[in-house]
Amino acid sequence: MNNMGFGLEVDLYCGTALSAAQRAAPGSRFCVRGREQSGTETTMTRREFVARLIKSGLLVLAGSSFRSQAQAPTEIPTPDERVINVDDPAYRALRSVGGAVYFRTDIEDKPLIVWRQDQNTYRVFSSKCPHRGRQLRLPQNGLITCPFHNSAFDTNGRPVDGPALKPLREYPARLKGNKLVIRVVAFEE
Ligand code: FES
């Protein structure tokens, strides 16, 4: 048995340095929360001590690794991306196929129409009518319609009725986890 004869007086169980009083008191070289509750001075071989240090070091490393994964920063959109969290209650309509919401951004003076067309397909259109620029309705029965002169647009944003002749502007979107990432692209006026 080696009674820690290499000058380290560290509380192995509590992880704190011992006070002078603790060092001087018989049987209190180590934290009393361990097996030293009996009051008997604990002895430990150098091998045991090193093994304990390595083990606690590995635990610290494992803990920091876990924390770094758990606290990994969320992905930051690039300047040409806008992101919707589809779990946000404000966008609950997107949880159902056929659901649609308005999504206001800084890229148009009117909100975008975000439309879930099937399980994995989200389409994002401008809600600005290409006829006179009025705001379009959310899609119903597979059509986006304009309340002013009754233009109608199909699931691809193509005009199928009314005075509008141009298709709707569409912004590419892809789902990443619970985030719908919309890429902002420039359109010619
Ligand atoms: S503004 Fe939409 S059809 Fe005229």
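Bear in mind that the values in this text are calculations on the coordinates, not laboratory data. Treat the numbers as computed from the prediction; the structure is a model and nothing was measured. Using ideal geometry, Cβ is built from the backbone for each residue, glycine included, and neighbour counts are taken over all protein chains shown.
With a Förster radius of 30 Å applied to the C-beta separation of Asp88 and Lys166, the computed FRET efficiency comes to 0.40. May I ask for log10 I(q)/I(0) of the stretch 67-189 at q = 0.09, 0.11, 0.16 Å⁻¹, from a Debye sum over the Cα atoms as equal point scatterers with solvent left out? Relative scattering, expressed as log10 I(q)/I(0), comes to -0.26, -0.38, -0.75.
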